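Here, each number is a calculation from the coordinates, and none is a lab measurement. None of these values were measured; they are calculated from a predicted model. Cβ sites come from the backbone with ideal geometry, for glycine too, and all protein chains shown count toward neighbours.
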Amino acid sequence: MMSSCIPAVTSGAYPPRAGNRVSALVDGVAAFRRIAEAVEAARHSVWLTVTFYAPGFRFPDGRGGLFDLLDDAAQRGVDVRILFWRPNPESAGYGRYFAGSAEARAMLAARGSLVKIRWDRSPGRFCQHQKSWVIDAETAFAGGINLSEKAVGSPGHADGSRHDVYLEIAGPAVTDVQHNFVQRWNEASDRHAADGLWGHGASAHLPFPTQTTAEHGGSRVQIQRMVPPGRYSDSHPAPGGAAWPIADGERAILEQYLQAIDAARNCIYIENQAIPVPVVARRLEAALHRGLEVVVLVPAEPEDHVRAARRDPARQDLFASLEALGRYETFTLAGIAAPDNAGERRAIYVHAKLMLVDDIWATIGSCNLHANSLGGHTEMNAAIWDTGFTRALRCELLREHLDEDTSHLDAVAALRRYRHIAHANSGAARAQGLAFAIDPRNYGR
């Protein structure tokens, strides 16, 4: 269902496509269980883009690690291809990754792995931050969950857990996730390096898709990206789309965020690993000035780089923008926490990257609202125009965070409940659920 009040972006490679079936996969267990099922059922191909990877990652239900699942598929004759991010010296200081070291290649050889791999860099301190899977060119998964041990923690318990969301897509928009993979595979930065490939057939380029996947549902979906200029050059159009000058880059995700916030009529719900950059915060303040209810869920315990930014005089505009939002009664900055094994409440890390507007529109993907994602990382989000989907996701997320069913409430009333419960939980005693309010003036101190 397409809503006329939130326009699709025109500054990107992919058009909005009707006829999709979409499902939200909330938290790592649900997401990786469903992805594993799709890989096990694959008949022809499994293509994925990976940023961070930890050798200790395991799929749920005893399915083993990443290469256990993918090698099984490859041995069945499925074409398995992985694009791994390879960091530069400037970007090697955060996260764990599969960079194709001599040790990693020895591991692949010892396994007799039949997967095909290319390694792909981003400029300088930035990274290839997309997380996507394409199965048989018929099903796609897009989101922000990394292949780490913490990815499959339980959101209701704080020990080692993270909160995150993936999106499953069946329908024409899958073709654009496939097109993105082909574009990146063919121009992967290290494809000509001696250690830039793995596997028989990894040196061959892939053809771009020539037709869209068949329709499977009623959701309208647009695949959107952030791509730095100068990284890719082949502007081959997606089926039914126009050629996009990818050499100039793409900034569709940021444009869509701004357009959706500007068009919002009643309420905005955001989950993100980062507090909004000033350009986004200013649009949120304008929405609050119009009387909207706005909830922003972030990690309750900021990362060290956020605390460092709080101490940096040159970065004070970031926190001034956040504090400006906090002056509005209808704004809630929140975190989530749950008991650990000792019964002490500890913060659950919020790693999701999503926004819901007016119970009619959503975006889910890999893009954070910080300067790296919006200024140099390669990112992918899916924007969804579907009232039924968006409302159901809002109810599922609030049920998890508030321990309350909000299905009988409209979106505004539901976010007011969020505000009420979060503030009630911000004191010494916790009333209900996981969510608690955070004072924007103190975030990162």
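Taking only DSSP H segments of four or more residues, each worth -39500 (n - 2.57), what value at 222 nm results for the chain once the sum is divided by all its residues, to the nearest 500 deg cm²/dmol?
Working: 11 runs with 124 residues, N = 445.
Computed ellipticity for the chain at 222 nm equals -8500 deg cm²/dmol.
Express in nm, to one decimal, how much length is gained between Ala214 and His44 on full extension, taking 0.36 nm for each residue of separation and deducting their alpha carbon distance. Display every interim value, and only then the final one.
Details: separation 170, 0.36 × 170 = 61.20 nm, distance 1.65 nm.
Full-extension gain reported as 59.6 nm.
What three numbers, in Å, describe the spread of the alpha carbons of region 314-445 along their principal axes, ordered from the longest?
Each principal axis gives a Cα extent; for region 314-445 these are 42, 42, 34 Å.
By how many nm would the segment from Ala314 to Val279 grow when fully extended, if each residue of separation counts as 0.36 nm and the alpha-carbon distance is taken off?
On the way: separation 35, 0.36 × 35 = 12.60 nm, distance 1.59 nm.
Contour length minus Cα-Cα distance gives 11.0 nm.
Any chance you could give the angle, 0 to 90 degrees and rounded to 10, that helix 28-41 forms with the longest Cα principal axis of the chain?
30
Using a Gaussian network for the chain with springs between C-alpha atoms less than 10 Å apart, which of these wobbles most: Leu114, Leu356, Leu409?
Leu409
What residues from region 2-38 fall in the zone where the backbone N is under 15 Å from a label point 7 Å along the Cα-to-C-beta line of Arg76?
Counting backbone N atoms under 15 Å from the label point, the list is 34-38.
How do Asp120, Asp248 line up, fewest other C-beta atoms within 10 Å first? List each step's numbers first, then the result.
Numbers: Asp120 23, Asp248 12.
Result, fewest neighbours first: Asp248, Asp120.
Could you order the peptides 230-242, 45-57 from most to least packed, using the average number of other C-beta atoms within 10 Å per residue?
Numbers: 230-242: 15.6, 45-57: 20.1.
Averaged packing, sorted descending, gives the order 45-57, 230-242.
Which of Ala286, Ala337, Ala382 moves the most in a Gaussian network model of the chain with Cα springs under 10 Å?
Per the Cα network of the chain with a 10 Å cutoff, Ala286 tops the list.
Test of understanding: what is the full-extension gain from Arg125 to Arg96, defined as 0.36 nm times their sequence separation minus their Cα-Cα distance? Each step should come with its number before you reach the end.
On the way: separation 29, 0.36 × 29 = 10.44 nm, distance 1.49 nm.
Length gained, Arg125 through Arg96: 8.9 nm.
What are the semi-axes of the equivalent ellipsoid for the chain, taken as the square roots of 5 times the Cα gyration tensor eigenvalues, largest first, in whole Å? Walk me through the numbers before you get to the answer.
Details: eigenvalues 233, 116, 94 Å².
Its equivalent ellipsoid spans semi-axes of 34, 24, 22 Å.
What's the ranking of 360-372, 196-208 by average number of surrounding C-beta atoms within 10 Å, highest first?
Values: 360-372: 23.8, 196-208: 14.3.
Averaged packing, sorted descending, gives the order 360-372, 196-208.
Taking a cut-off of 19 Å, what percent of all Cα-Cα pairs in region 369-425 are separated by more than that? Mind showing how you got there, number by number?
On the way: 753 of 1596 pairs.
Cα-Cα pairs of region 369-425 separated by over 19 Å account for 47 percent.
Taking Cα atoms, how many degrees apart are the long axis of helix 174-186 and the longest axis of the chain, rounded to 10 and kept between 0 and 90?
Computed tilt is about 60 degrees.
Under a GNM of the chain (C-alpha, springs under 10 Å), which listed residue has the highest mean-square fluctuation: Met107, Met226, Met355?
Sorting by GNM fluctuation, first place goes to Met107.
Rank Val298, Phe331, Phe126 by how far each Cα sits towards the positive end of the charge dipole of the chain (+1 on Lys, Arg Cβ; -1 on Asp, Glu Cβ) and give me just the farthest.
Checking the options against the dipole of the chain, the answer is Phe126.
How far is helix 411-424 tilted, in degrees, relative to the longest principal axis of the Cα atoms in the chain, given as a value from 0 to 90 rounded to the nearest 10?
Approximately 70 degrees, to the nearest ten.
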